[in-house]
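Written out below as structure tokens is the structure these notes cover.
The values are calculated or read from the model by the stated rules, or taken from the named source; none is laboratory data. What you see is a predicted model; the values in this text were computed from it and never measured. As a convention, Cβ positions derive from the backbone with ideal geometry for all residues, glycine included, and neighbour counts pool all protein chains shown. Note: accessible area is taken over every heavy atom of the protein model, side chains too, but ligands, DNA and RNA are not part of it. Shrake-Rupley method; radii C 1.70, N 1.55, O 1.52, S 1.80 Å.
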Amino acid sequence: IDVTATREAEAEAAAVFRRTVEVAYDAFVGADGQGRITDWNPAAEQMFGWPAEEVLGELMVDHVFVAEDRPYYQDRIEALSASGADQLPAVRFELPAQHRDGTVFPVELSLVVVTSQGRHHMRAFLRDITERRAHERDRTDRVRVDQMTGLPNRTLLVDRLEQAMGRGTSSG
């Protein structure tokens, strides 16, 4: 095996990946098994308000998650690191995130944990879904309100009746 050619191919692949992450619209955050930030792309800088040089080596939970959720997520990261699991499924879910200025906004987090030489490395893409949530609320409102009068319609009435009946049934 030509070791030099293999190393050159690996270096080229790493450079392509790095460039791709740098121009990605979504925030990219990499962290080690303890949750310390190892990668922070320009989109992450814009989304969270923290320049890379201020967050590298810091705990990811302190710069991404809502303050009251930080202990929970740090405990989950530490449990993951202590698990010793080699294969973990990729996950995708929605959660609140927090900008440096304190603004809370919803994000979609796509997370994969990679194990290399017995150590975990987390790689996450985060997408601000504020606009998507607004469109969903708008669509829901349009379904439940008469467009001409702005008054609640039959769909909203049925929904509220089902909720009331459910509460009545559960409370006896």
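Report whether or not ARG92 is among the basic types (Lys, Arg) and more than 30 Å from HIS63 (Cβ to Cβ).
Numbers: among the basic types (Lys, Arg): yes; more than 30 Å from HIS63 (Cβ to Cβ): no.
Answer is no for this residue.
Does VAL91 satisfy the criteria of being loosely packed, with under 12 Cβ neighbours inside 10 Å, modelled with pLDDT of 85 or more, among the hydrophobic types (A, V, I, L, M, F, W, C) and closer than 30 Å to VAL55 by Cα?
Answer is yes for this residue.
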Q) Which of the residues that make up the stretch 23-34 are at pLDDT 85 or above and over 17 Å from SER110 (Cβ atoms)? A) ASP32, GLY33, GLN34
Q: Among residues belonging to the stretch 148-172 that are among the polar types (S, T, N, Q) and surrounded by fewer than 10 Cβ atoms within 10 Å (Cβ to Cβ), point out the one that is farthest from the chain's Cα centre (by Cα).
A: THR149
(Q) Going through ASP141, ASP101 one at a time, which residue ends up being farther than 14 Å from GLY33 by Cβ, part of a loop (DSSP other than H, G, I, E, B), open to solvent by 80 Å² or more (accessible area, probe 1.4 Å) and out of contact with any helix residue (DSSP H, G or I) (no Cβ under 6 Å at 6 or more places or on another chain)? (A) ASP101
Q) Among ALA24, ALA44, ALA67, which is free of Cβ contacts under 8 Å to residues at least 40 places away in the same chain, over 14 Å from MET122 (Cα atoms) and open to solvent by less than 80 Å² (accessible area, probe 1.4 Å)? A) ALA67
Q. What pairs come up if the first residue lies in the stretch 74-99 and is within 15 Å of ALA31 (Cα to Cα), the second is at pLDDT 75 or above and assigned to a helix (DSSP H, G or I), and their beta carbons are under 7 Å apart, counting only those six or more places apart or on different chains?
A. GLN74/VAL61
Q) If you go through the stretch 111-121, how many residues are within 20 Å of TYR25 (Cβ to Cβ) and surrounded by 15 or more Cβ atoms within 10 Å (Cβ to Cβ)? A) 1
Q) Out of all the residues in the stretch 29-37, is one or more of a type in the set (Asp, Glu), surrounded by 11 or more Cβ atoms within 10 Å (Cβ to Cβ), in contact with a Ser or Thr (Cβ under 7 Å, 6 or more places away or on another chain) and in contact (Cβ under 8 Å) with a residue 40 or more places away in the chain? A) yes
Q) If LEU88 passes every condition in (1) closer than 25 Å to ILE129 by Cα; (2) touching a Leu at 6+ places or on another chain (Cβ under 9 Å) but one, which one does it miss? A) (1)
